[in-house]
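Report on one structure; see the data block that follows.
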Amino acid sequence: KAGVTQTPRYLIKTRGQQVTLSCSPISGHRSVSWYQQTPGQGLQFLFEYFSETQRNKGNFPGRFSGRQFSNSRSEMNVSTLELGDSALYLCASSSRTQNYGYTFGSGTRLTVV
Amino acid sequence: QKEVEQNSGPLSVPEGAIASLNCTYSDRGSQSFFWYRQYSGKSPELIMSIYSNGDKEDGRFTAQLNKASQYVSLLIRDSQPSDSATYLCAVNHSGGGADGLTFGKGTHLIIQP
């Protein structure tokens, strides 16, 4: 059974640019959530999607957005990149039949220069 | 503000001993509790989930939950050098999984051969 797939694995962007990250959940999982991990702040919740609807959003500025498609694949977008957006972005998927346990992808390492 | 607190460590334990990791959380309405293991440069891996008061055992791992004290712990028996990693405590505040997970900043565990 394939795991959670995130692309790309690495990205280098310039301040002011925008970036789109992709996540394909485990087959059959309809819940996808996104997290930002930095050495200083740890893992922080960005947002969660279920059946193409954003269920909740963490405390991040509006430059961070996301969406989920009908096949449960999800994308997140960060506009007007800042140096502080450099982080590991992790996607996790969940099935309600697994008591909400979340399985993480390998992440996208974003570096803003 | 929903918070999850962990001692950052490092926690050093001799091989073969019991490693005890602790976590407290602020939201009394929290429903689900998870322990993740994260090796350096890798994404978090779910190792235990617990939903009701008491102990839950899985192999060498035992999770303990005390909702009255808002306390979760993870015991690792017969610790092995391969258990050396950062252990993240995560809490889900909604039974429906809509809130995503709130993570502690992790405890760095070192198993000394």
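The values are calculated or read from the model by the stated rules, or taken from the named source; none is laboratory data. Keep in mind it's a predicted model, so treat the numbers as computed, not measured. Cβ: placed from backbone, ideal geometry, glycine included. Neighbour counts: every protein chain shown.
Just a few scattered comments:
- Residues in the range B:48-81 that are in a strand (DSSP E or B) and in contact (Cβ under 8 Å) with a residue 40 or more places away in the chain were compared, and the one that is nearest to residue B:27 (Cα to Cα) is B:71.
- Subset of the range B:10-43 [more than 11 Å from chain A (Cβ to nearest Cβ), part of a loop (DSSP other than H, G, I, E, B) and within 17 Å of residue B:110 (Cβ to Cβ)]: B:10, B:15, B:16, B:17, B:18, B:39, B:40
- The residue list A:83, A:21, A:90 contains one member that is buried (at least 18 other Cβ atoms within 10 Å of the Cβ), more than 19 Å from residue B:34 (Cβ to Cβ) and at pLDDT 95 or above, which is A:21.
Every residue, every condition in (1) touching an Asp or Glu at 6+ places or on another chain (Cβ under 7 Å); (2) at the interface with chain B (Cβ under 8 Å from one of its Cβ atoms), yes or no:
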{"residue": "A:17", "(1), (2)": "no, no"}
{"residue": "A:28", "(1), (2)": "no, no"}
{"residue": "A:31", "(1), (2)": "yes, yes"}
{"residue": "A:45", "(1), (2)": "no, yes"}
{"residue": "A:106", "(1), (2)": "no, yes"}
{"residue": "A:112", "(1), (2)": "yes, no"}
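- For the range B:17-33, a residue qualifies if it is out of contact with any Lys or Arg (no Cβ under 9 Å at 6 or more places or on another chain) and at pLDDT 95 or above, and the qualifying residues are B:20, B:21, B:22, B:23, B:24.
- In the range A:61-104, the residues that are of a type in the set (A, V, I, L, M), more than 14 Å from every other protein chain (Cβ to nearest Cβ) and out of contact with any Asp or Glu (no Cβ under 9 Å at 6 or more places or on another chain): A:81, A:83
- For the range B:52-70, taking the residues that are away from every other protein chain (no Cβ under 14 Å) and loosely packed, with under 14 Cβ neighbours inside 10 Å, the one that is farthest from the chain's Cα centre (by Cα) is identified as B:68.
- Residues satisfying the stated conditions in the range A:9-41, i.e. in a loop (DSSP other than H, G, I, E, B) and closer than 18 Å to residue A:103 by Cα: A:9, A:25, A:26, A:27, A:28, A:29, A:30
- Of all the listed residues (B:84, B:49, B:73, B:79), the sole one being of a type in the set (S, T, N, Q), farther than 20 Å from residue A:91 by Cβ and under 10 Å from the mean Cα position of the chain (by Cα) is B:73.
- Residue pairs whose Cβ atoms lie under 7 Å apart, separated by 6 or more positions or on different chains, with the first residue in the range A:45-68 and within 24 Å of residue A:15 (Cα to Cα) and the second of a type in the set (Lys, Arg), are A:47/A:57.
- Residues in the range A:45-63 that are under 13 Å from residue A:76 (Cβ atoms) and buried (at least 18 other Cβ atoms within 10 Å of the Cβ): A:45, A:46, A:47, A:48, A:49.
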